[in-house]
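Quick note: the coordinates plus some simple rules give every number you see, no bench work behind them. In this text, all values refer to a predicted model and were calculated from it rather than measured experimentally. Neighbour counts run over all protein chains shown; Cβ positions are idealised from the backbone, glycine included.
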Amino acid sequence: MSPDLKPGVQFDFSYTVPDSKTVPRLYPEWLEFQDMPEVFATGYLIGLMEGVCQLSIKPFLDWPREQSVGTHVAFSHLAATPPGLTVRVHSEVIGVEGRKITFRASAHDGHDLISEGTHQRVIIDAARFNLNLQSKRQAAR
């Protein structure tokens, strides 16, 4: 991890919501979701917010050896967004404590603030992380 990864690092990303990221498509096998409105699903919104935070720090990592995983999410979902609208996500690093990175992020769909909150990610060594996962998979068998 680069010593240049410090609070104040900011990143913006725009994403046009497709039909495939609406509530009825979140878990197609979940019948209750099929009756819900076709709006940007909270699950996909959270994934987008996490992804933008990850992208913001990627230039400061020895990618792909170093990566980051989400460890805490505290985002609101404030307004519905229909497919076709473009969501602009803004993230800012607000804390760096060793391998733990804390972000503040928000999302706007051109009409409304649709999300805001904080997120934490931890820098990992991908090979070591995957080795631990392999051990966990084998123990579960």
Any residue at all in the stretch 15-30 that's under 22 Å from residue 126 (Cα atoms) and exposed (fewer than 14 other Cβ atoms within 10 Å of the Cβ)? no
When the stretch 48-72 is checked residue by residue, the ones that are within 16 Å of residue 4 (Cα to Cα), under 10 Å from the mean Cα position of the chain (by Cα) and among the small types (Gly, Ala, Ser) are none
Hey, can you tell me all the residues within the stretch 1-36 that are in a loop (DSSP other than H, G, I, E, B) and without any contact (Cβ under 8 Å) to a residue 24 or more places away in the chain? 3, 26, 27, 28, 29, 30, 35, 36
